[in-house]
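All remarks here apply to the structure that follows.
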Amino acid sequence: MARSKMQKCRECGSYGLSTTCKECGGVAQAAGPLKFSPQDPQSERRRKYEKVTDPEWVDNLPSPKKEKGDSNE
């Protein structure tokens, strides 16, 4: 079962329900975080399956970026 039906575009950051962005046509990925529980015995296997430990996965994570005109400083 999917983590979430909500998807976020990796290119423009817009949200939608399909794996293809309606705004720019880019690839969208699940917007929800991976499941985590300290007591979960299958967590290590799931992280290996989803390749969470790969450096490429870390590079694809969204990071907060300052928008031009953002006055929250």
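Of note:
- Residue list for segment 30-73, filter: over 25 Å from Thr20 (Cβ atoms), among the basic types (Lys, Arg) and modelled with pLDDT of 70 or more: Arg45, Arg46, Arg47, Lys48
- Any hit, segment 10-18, residues being hydrophobic (A, V, I, L, M, F, W, C), modelled with pLDDT of 80 or more and in contact with a Ser or Thr (Cβ under 9 Å, 6 or more places away or on another chain): no
The values are calculated or read from the model by the stated rules, or taken from the named source; none is laboratory data. Bear in mind the structure is a predicted one, so any value in this text is a computation, not a measurement. Neighbour counts run over all protein chains shown; Cβ positions are idealised from the backbone, glycine included.
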